[in-house]
Amino acid sequence: MGDAPTSSTRLERIATRQRGQKWKNPPLRIEMSECINCDACLRHCPPQFGAIFNHGIDVIIVPELCSGCDKCLDPCPVNCIYPDPDWSPSPEDWWQEPLGRGDRYARS
């Protein structure tokens, strides 16, 4: 039990801004040039991850919160969500969304 913390809860991942260490799949990303802003992905992201947000006119996936579970893929009517194995840390302004006013996952 001497292992390093795995940032297992959403609140811990938000605080540390780190992905779960045991997640095997890369995070996903939304190609906004293809997205129709239907929010189907947002409605299907499991609350324990809570990675998808409306950010201004864009829909974003915060990679540090995305487990790559793929639950958002099938509901997307335009297939604009892709694996992002070469992801970069989220821009600072994206971190205003988790636990912010519009965080629909915050109760979880």
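Annotations
- Candidates are the residues of the stretch 56-90 that are among the hydrophobic types (A, V, I, L, M, F, W, C) and not in a loop (DSSP other than H, G, I, E, B); the one that is nearest to Cys38 (Cα to Cα) is Val59.
- Restricting Leu99, Leu65 to those that are open to solvent by 70 Å² or more (accessible area, probe 1.4 Å) and under 23 Å from Thr16 (Cβ atoms) reduces the list to Leu99.
- From Ile36, Ile81, Ile61, residue being within 11 Å of the chain's Cα centre (by Cα), modelled with pLDDT of 95 or more and of a type in the set (Val, Ile, Thr): Ile61
- All of (1) open to solvent by less than 40 Å² (accessible area, probe 1.4 Å); (2) in a loop (DSSP other than H, G, I, E, B) hold for Ile14 with one exception: (2).
- Meets criteria (open to solvent by 60 Å² or more (accessible area, probe 1.4 Å) and either assigned to a loop (DSSP other than H, G, I, E, B) or polar (S, T, N, Q) (or both)) for Asp93: no
- Of all the listed residues (Glu34, Glu92), the sole one being of a type outside the set (A, V, I, L, M) and closer than 23 Å to Thr9 by Cβ is Glu92.
The values are calculated or read from the model by the stated rules, or taken from the named source; none is laboratory data. What you see is a predicted model; the values in this text were computed from it and never measured. Cβ atoms come from the backbone with ideal geometry, glycine included; neighbour counts cover every protein chain shown. All accessible areas refer to the heavy atoms of the entire protein, side chains included, with ligands and DNA or RNA removed. Shrake-Rupley method; radii C 1.70, N 1.55, O 1.52, S 1.80 Å.
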